[in-house]
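The values are calculated or read from the model by the stated rules, or taken from the named source; none is laboratory data. In this text, all values refer to a predicted model and were calculated from it rather than measured experimentally. Here the Cβ positions follow ideal geometry from the backbone for every residue, glycine too, while neighbour counts run over all protein chains shown. Just the protein is used for accessible areas: all its heavy atoms, side chains included, with ligands, DNA and RNA removed. Shrake-Rupley method; radii C 1.70, N 1.55, O 1.52, S 1.80 Å.
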Amino acid sequence: VKLAEDLATLAEFSEAGPGVTRLAWSPPHIRALRWLAGRLEEAGLDAQLDAAGNCVGRWAPNGAEGQAIGLGSHIDSVPAGGRFDGTLGVLGALAAIELLRERAFVPTTPVWLMSFMDEEGTRFGESMFGSRAFVGEDLDAYLSLSDSSGATVGQAMQDAGFSPDDVRAARAVAGLSAFLELHVEQGKVLLDAGVDIGVVNAIVGLLQARVVVRGVSDHGSTPMPGRHDALAAAARMIVALRDWARDESDMTATVGSMEAWPGAYNTIPGKCSFSVDLRVPDRARFATLRERLTDLVAGIAAQETVEVGVEITDFIQPAELDERLLTLIERAAETEGASHMRMPSGAGHDSQVLAPYVPTAMVFVPSAGGVSHSPEEFTTPAHCELGARVLARVIELAQGDAELLGPDA
Ligand code: HGY
Ligand code: MN
Ligand code: MN
């Protein structure tokens, strides 16, 4: 299979600068999607870009019909990201299909391969646009989000030749009997355990927010008592969020960006805003995050005599993944002689959008050093190929599982 070559080719579609920068709807991303569609056609799939900018390939050899087994992930990246996050799930799925074709394996049901638009959400502040369109979520509000240049999602779509009015046409999840996503782990669990394959049984819930603190701008010589310092208050909130997550065993809290106004060295900031990314694996605690975040920042705001507002920008439920598929993945790994272990995903994925609509599971392969969202991101060619081989085995095994393949298999 040409997986290593395809990964290298795809990595070339990027803005200039370190790592891979292929943001949603950007010219490098659209060029990459068009290259991908061509590559899927070359592999014998019927490929097109749907109304939400998803690249969807359909493999239905010998007129295979009924609900399809879906494979896929995303090929948009974070700024200065790596060359494996998302792309391995898309190109590994392609390699799996090419492996099956080499073995003259003919599935009784179709196999679809999706590359979902804007999984990362870093350009417009909300993630998983393409997979949300694929399951039929209402994206009207999403279309009016804007990026740092002021361009809205709708305008970015039009610039790329897509119509925001057609997004609903991308709904196609009913065509799937199962969905599988191969992904680099983006952590060190497999590395530390010396295990080749992660059988992902749960995905964390993601709460993302923007916190705005308002104080009073004033001269840097203002006496300390009686200041209303928005930046100092925000700093306390950020450390309190970190300490909260530290005190919980499996929670993460990340503040990735912050701005202060007016931003002069000799002026007390009257306004400060920062991003918040909170994650827990279980629904019960996920349901409490919004209120606990609001209480935490309100308490500090009161002590600091400033005002605070919290805007939730992303709220994606944790997902429990499908037991039957997990068992198939374990058997597939064993067929390939690979060690495997069950584990949750600390990163968010399109799979958690699909999981409420169709049996879904994920396969992890190790990340070197656990590093991701960085030009240093790396997974060995052997692990990349193993991931593809495991997907191919799951497709073979699933064919025998009439129950899994849906009623009309
Ligand atoms: O943020 C995440 O976990 C994913 O990489 N979008
Ligand atoms: Mn990512
Ligand atoms: Mn990803």
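Quick notes on this structure:
- Modelled FRET efficiency - R0 35 Å, Val216 with Ala245, Cβ distances, 0.05 increments: 0.70
- For segment 323-359 and segment 66-117, distance of Cα centres in Å: 15 Å
- Per-residue extension of 0.36 nm, minus the Cα-Cα distance of Tyr357 and Val371, leaves a gain of 1.9 nm for this segment.
- Annotation for segment 138-203: trypsin sites (Lys or Arg not before Pro) lying in DSSP loop with at most 15 further Cβ atoms inside 10 Å of their Cβ are Lys188.
- Note that segment 1-113 presents 33 Å² accessible area per residue, ligands and nucleic acids not counted, probe 1.4 Å.
- Portion, in percent, of the accessible area of segment 21-87 that falls on carbon or sulfur, probe 1.4 Å: 51 percent
- The simple spin-label model puts a point 7 Å past each Cα toward its Cβ; for Arg236 and Asn266 those points are separated by 2.7 nm.
- Highest average packing first - 235-242, 317-324, Cβ atoms within 10 Å: 317-324, 235-242
- A DSSP coil position with no more than 15 other Cβ atoms inside 10 Å describes the following GluC sites (Glu not before Pro) in segment 343-404: Glu376, Glu403.
- Here the contact order of segment 213-323, divided by its residue count and restricted to Cα pairs under 8 Å and six or more residues apart, works out to 33 percent.
- Helix-only [θ]222 nm of the chain, DSSP H runs n ≥ 4, -39500 (n - 2.57) each, per residue, nearest 500: -10500 deg cm²/dmol
- The chain, relative contact order in percent, only Cα pairs under 8 angstrom and at least six apart counted: 22 percent
- Using the Cβ-Cβ distance between Asp314 and Glu12 with R0 set to 35 Å, the FRET efficiency works out to roughly 0.70.
- Averaging Cα coordinates gives a centre for segment 139-175 and one for segment 1-43; these two points are 21 Å apart.
- Nitroxide proxy distance, nm - points 7 Å out along Cα→Cβ at Met341 and Gln48: 4.5 nm
- Stretching Ala284 away from Glu334 to a fully extended chain increases their span by 14.6 nm, per 0.36 nm per residue minus the current alpha-carbon distance.
- Estimated FRET transfer efficiency (Glu307, Ala141; beta-carbon r; R0 22 Å; 0.05): 0.30
- For the listed peptides 132-142, 270-280, a ranking on the average number of other beta carbons within 10 Å per residue, highest first, reads 270-280, 132-142.
- Rolling a 1.4 Å probe over the protein heavy atoms of segment 127-199, with every protein chain left in place, gives an accessible area that is 45 percent carbon and sulfur.
- Counted charge near Gly19, where neighbours are those whose Cβ lies closer than 12 Å (Asp, Glu -1; Lys, Arg +1): -2
- Between Arg103 and Asp159, the modelled label-to-label distance comes to 4.4 nm, taking each label 7 Å out from Cα in the direction of the beta carbon.
- Probing with 1.4 Å while keeping every protein chain in the model, the per residue accessible area of segment 121-280 equals 44 Å².
- Rolling a 1.4 Å probe over the protein heavy atoms of segment 309-362, with every protein chain left in place, gives an accessible area that is 51 percent carbon and sulfur.
- Sites matching GluC sites (Glu not before Pro) across segment 28-72 that sit in DSSP coil, with at most 14 neighbouring C-beta atoms within 10 Å: Glu65
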